[in-house]
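What follows is a single structure, written as structure tokens, with notes after it.
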Amino acid sequence: MGYTRKSSGHDRAHQGEPHFQHWYRDNQAYFITARCHERFPAFASEAAKVIFWRQFEKYTAAHHFEPWATSLIDNHYHAIGYLHRGDDLAPMMRKIHGSVAKLVNDQLESEYKTGGLKSPRLVNGRLSPFWHDSKSKTYFDGCLRDDKQGRAAYRYVLIQPVRHGVCEQWEDYPHTRIRVDIEQAMRFARARGAFLEGVKYRRYEGGGT
């Protein structure tokens, strides 16, 4: 088993509920997802999507995360891939989310000021906080346990545009991007021992975004 560190978030509470705990594990297959605050469609425009992809690709490369499949919808994204060093996860997510929030908010504010965008969820044209779900998580990370779960997570990423009514076939959606096909990804993970086997997955059971 590789080096694993856990955030201390489980010791804190938000409105009476335990805070989410992140796991930082070397040589690990990860599922990562995040959603805009109150499901606001901050990525509805192509320009906003371009910003996301540019920052996502920049900082995943800088922090040695290899995305296998990623899907960006108007108000959230899902990604599955391989992380070399567990301690890269937190700074990678901080840089992706911080830069995307700033740049997309700049765009939203510009549209707001010219009268092209109106929403009671925006404050002076900006979404603040930008990333947050109902349990005050800015993102969710799951260490994948085995081949079965890896395949399920991979397929879940692929079907996002279909699931949300964007298109009928995920292959038709330009913002679902495949870098490593499912068979190659699973072979790689098995060969590298990149699954967190033998650990119960109760923490990640339940619904998705």
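Numerical summary
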{"item": "Placed amide H near residue 131: partners under 5 Å, 5+ positions off or other chain", "result": "37"}
{"item": "Amide H contacts of residue 173 (H built 1.01 Å from N, under 5 Å, at least 5 apart or other chain)", "result": "none"}
{"item": "Debye, to nearest 20: dipole size of the chain, +1 on Lys, Arg Cβ, -1 on Asp, Glu Cβ", "result": "480 debye"}
{"item": "Choice from 174, 120, 129 showing the highest fluctuation, given a GNM over the chain with Cα pairs closer than 10 Å", "result": "120"}
{"item": "Sorted largest first, extent of segment 31-119 alpha carbons per principal axis (Å)", "result": "45, 20, 18"}
{"item": "Accessible surface of segment 78-126 [probe 1.4 Å, protein heavy atoms]: carbon and sulfur percent", "result": "51 percent"}
{"item": "Listed residues 74, 181, 26, most fluctuating in the chain (Gaussian network, C-alpha, under 10 Å)", "result": "181"}
{"item": "Positive-end residue, segment 85-163 charge dipole about Cα centroid, Cβ charges, pick of 90, 160, 100", "result": "160"}
{"item": "The chain - accessible surface per residue (Å², probe 1.4 Å)", "result": "51 Å²"}
{"item": "Theoretical ellipticity at 222 nm over the chain - DSSP helices of four or more residues, -39500 (n - 2.57) apiece, nearest 500", "result": "-10500 deg cm²/dmol"}
{"item": "Rounded to whole Hz, the Karplus (6.51, -1.76, 1.60) HN-Hα couplings of segment 146-154, x for glycine and proline", "result": "7, 4, 4, 5, x, 5, 5, 5, 4"}
{"item": "Highest-MSF residue in the chain out of 33, 114, 138 [GNM, Cα springs under 10 Å]", "result": "114"}
{"item": "Whichever lysines have a C-alpha closer than 18 Å to that of residue 200, once near sequence neighbours (fewer than 8 apart) are set aside", "result": "6, 148"}
{"item": "Residues with amide H under 5 Å from that of residue 25, placed H, sequence gap 5 or more", "result": "5, 86"}
{"item": "Paired Rg and Dmax values of segment 114-198, which use every Cα atom, in angstrom", "result": "18.0, 55"}
{"item": "Cα-based Rg of segment 156-195 normalised by 2.2 N^0.38 Å, two decimals", "result": "1.43"}
{"item": "Projected area, mean over directions - the chain, Cα convex hull, nm²", "result": "11.9 nm²"}
{"item": "Average Cα contact separation per residue, segment 95-135, under 8 Å, 6 or more apart, as relative contact order %", "result": "38 percent"}
{"item": "Relative contact order %, the chain, counting alpha carbon pairs below 8 Å whose residues are six or more apart", "result": "28 percent"}
{"item": "Rg/Rh for segment 53-103, where both radii come from Cα atoms and Rh is the Kirkwood radius", "result": "0.94"}
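The values are calculated or read from the model by the stated rules, or taken from the named source; none is laboratory data. Computed from a prediction, not measured in an experiment: that's the story for all the values here. Quick reminder, even Gly has a Cβ in these numbers, built from the backbone with ideal geometry, and neighbours come from all protein chains shown. We work out accessible area using only protein heavy atoms, side chains counted, and drop any ligands, DNA or RNA first. Shrake-Rupley method; radii C 1.70, N 1.55, O 1.52, S 1.80 Å.
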